[in-house]
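Have a look at the structure below before the remarks.
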Amino acid sequence: MTKNSATVAVIGSGVAGLSAAIRLALQGKQVVVFEQNAYTGGKITAFEKQGYRFDMGPSLFTVPHLVDELFELAGKTPSNYFQYHTHNEVCRYFWLDGKQITLFPSVDRNVEAITTVFGTESGKRVRKYFDDARKKFELTAPFFLESSLHKMKTYLSPRVLKVVSEIPRLGLFSTLDDQNKRYFKEPKLVQLFNRYATYNGSSPYQTPGIMQMISHLEHGMGTHFPVGGMHAISQSLTKLAQELGVQFELNAKVERILLEKKQVRGLVVNRAERMFDIVVCNSDIKHAYHELLPKNMRRPKKTLAQEPSSSALIFYWGIGQTFPVMDLHNIIFSEDYKEEFHRISSNGPFWEDPTIYVHISNRLEVNDAPKGKDSWFVMVNVPYDQGQDWEDIVGKVRRKIIERISSVLGKDIAPLIETEEILTPPQIHSRTSSVGGALYGTSSNERMAAFLRHSNKSSSVKGLYFCGGSVHPGGGVPLCILSGKIAAEWIEEDE
Ligand SMILES: Cc1cc2nc3c(=O)[nH]c(=O)nc-3n(C[C@H](O)[C@H](O)[C@H](O)COP(=O)(O)OP(=O)(O)OC[C@H]3O[C@@H](n4cnc5c(N)ncnc54)[C@H](O)[C@@H]3O)c2cc1C
């Protein structure tokens, strides 16, 4: 640890704020994290009810080494703080006509599974899909995900030349849907691989084909799940931060960021002024500009005009029976995926044909449900909150998903629901200040979305930095951890 007495305030204890706080403490800075909730972790939180445990937010865990890396940087053994299962299945997919397929974290097994279940497909083309996803990931991740797109240095790196020379093959000029149709004849497979658009809250009919690379995270880099559930990510990182001297102030909503002559001075928290040399803002970028920063300051208009990503309705159900046909991650696909996304991106009325995601954490974390029962996290994608009648929508979605899951399982699940909690977009907003309850900051529906995301550093205020799902490189746990890294490294460089 280097000696450096700069004081840093981090606004928010989401996974990005935790990642930044840990790295800044390791730089020797005095770090205070202000969190409006009574708990740390932001979207990565959990609850227990009647013997069932539920993760409330993320359920898919990829790129675990990004979590491990934070412990390693601190000279700790990661497994003393955080452990995870490595699972042998990616996801089980179901269609209403009875078709089913399971995919794996293995290209060979996927080629076999796909060509067996869908006789239309050529093994060579299927293999090419996975190979191309890997190539796109390996080529672009260091540029688009691990570096700032707002630093000249990034563009001077030799790897950028390689990315530029590959642009025609990256799929930047076609949609993910168009791209997937080049690999698969079977519409169900196109639908299956289109679902990777939802990993950042986008539509496969608008987001560019480069998003194919997301599938490599699961099929090429493995499927994992933390011991203790997703909540273990935020809690183990909070523990590490505390051990490194980071102070946490909970129930501490930041009301304003104080500036003087284009330089950060500190914050107003619970009506008191607190002075800091540096502020790292982990809250949603729209919340930061609309609520925390002075109204008369220069704003990145194009960035703030970006559409929020989609949101979700989540039903947490304790189910009084176990269904072995379902695994850790399961998807029951809609019949008209295109119309489903059209409704989501145009904020159309309730769509009666939703795709349903069912996550059953007790497949790996057996104590998450009483013996012989299941802990279900059931989610459908919905538009971000724009004042819709959520009570009405919740009722309609609930009836529809019970009908669909019952049809797939061949058993009425309604009487099996022993306990229930529901999370809506307005609740996600009020718990995390994510505008509209967007899950992943802004959507990536535009080709240039990556370049329109807000930088990790303010261009007009000295000492002000940003991390989290609504800024570069985007939403999802791994990218948020990287955003904390990029912000902390930038602070160090600026010194
Ligand atoms: C239901 C759901 C399912 C998801 N599924 C997945 C998944 O499977 N895999 C995946 O990788 N990602 C998933 N995500 C997305 C992922 O959870 C997020 O991208 C990530 O956790 C966001 O982290 P963050 O650091 O940006 O901030 P957040 O988790 O949004 O935390 C921001 C924190 O800042 C605090 N804050 C904001 N404003 C203030 C203020 N003024 N003063 C004090 N505190 C403030 C908030 O209270 C909050 O704690 C999901 C999200 C949700 C909600």
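The values are calculated or read from the model by the stated rules, or taken from the named source; none is laboratory data. These numbers were taken from a predicted model, which means no experiment stands behind them. No Cβ is skipped: glycine too gets one built from the backbone with ideal geometry, and neighbour counts run over all protein chains shown. Side chains included, ligands, DNA and RNA excluded: accessible areas come from the protein's heavy atoms. Shrake-Rupley method; radii C 1.70, N 1.55, O 1.52, S 1.80 Å.
Here are some notes:
- 5 angstrom amide H check on residue 174, placed H, neighbours 5+ away: 209
- Each Lys and Arg Cβ is given +1 and each Asp and Glu Cβ -1; about its Cα centre, segment 286-335 then shows a dipole of about 700 debye.
- Distances between placed amide hydrogens fall under 5 Å for residue 457 paired with 466, all partners being 5 or more residues away or on another chain.
- Most positive-pole-ward Cα, 317, 349, 366, against dipole of segment 303-366 from beta carbon charges: 366
- Here the label points at residue 112 and residue 172, each 7 Å from Cα along the C-beta direction, are separated by 3.9 nm in the simple model.
- Helix 390-409 axis versus longest C-alpha principal axis of the chain: approximately 40°, rounded to the nearest ten.
- Each of 302, 286 has its accessible area taken with a 1.4 Å probe; listed largest first, they run 302, 286.
- Over segment 163-301, relative contact order from alpha-carbon pairs under 8 Å, at least 6 apart, %: 14 percent
- Charge dipole (the chain, unit charges on Cβ, about Cα centre) - positive-most of 140, 264, 50: 264
- Crossing angle, helix 123-140 versus the chain [Cα axis fit, 0-90 degrees, rounded to tens]: 0 degrees
- Placing unit charges on the Cβ atoms only, positive for Lys and Arg and negative for Asp and Glu, gives the chain a dipole magnitude near 1340 debye about its Cα centre.
- In order along segment 251-263, the Karplus-derived 3J(HN,Hα) couplings, from 6.51 cos²θ - 1.76 cosθ + 1.60 at θ = phi - 60°, round to 6, 10, 7, 6, 9, 8, 9, 8, 10, 9, 6, 6, 9 Hz, and Gly and Pro are given as x.
- Beta bridges per DSSP with both ends in the chain, % antiparallel, nearest 5: 70 percent
- The chain, relative contact order in percent, only Cα pairs under 8 angstrom and at least six apart counted: 23 percent
- Residue 10 long-range amide H proximity, modeled H, under 5 Å: 32, 33, 34, 280
- Only alpha carbons enter this Debye calculation for the chain, each as an equal point scatterer, and the log10 of I(q)/I(0) it gives at q = 0.12 Å⁻¹ is -1.11.
- Selection from 28, 333, 81 lying farthest towards where the dipole of the chain points positive, charges on Cβ: 28
- Between residue 260 and residue 65, the simple label model (points 7 Å from Cα in the Cβ direction) yields a spacing of 4.6 nm.
- Apportionment of accessible area to carbon and sulfur, the chain, percent (1.4 Å): 51 percent
- Residue-wise HN-Hα coupling along segment 417-432, computed from phi with Karplus coefficients 6.51, -1.76, 1.60 (Hz; x: Gly, Pro): 6, 8, 8, 8, 9, 10, 10, 10, x, x, 5, 4, 4, 5, 7, 10
- Per residue, the accessible area of the chain comes to 40 Å² when a 1.4 Å probe rolls over the protein heavy atoms.
- Couplings for segment 35-45, taken from phi via the Karplus curve 6.51 cos²θ - 1.76 cosθ + 1.60 with θ = phi - 60°, read 10, 5, 7, 7, 9, 9, x, x, 5, 8, 9 Hz in order; Gly and Pro are left as x.
- Compared with the dominant Cα axis of the chain, that is its longest principal axis, helix 477-494 is turned about 20°.
- Cross-link partners of residue 338 among lysines, defined as those whose alpha carbon lies under 26 angstrom from its own and excluding same-chain residues fewer than eight positions apart: 99, 128, 136, 181, 185, 188, 396, 400.
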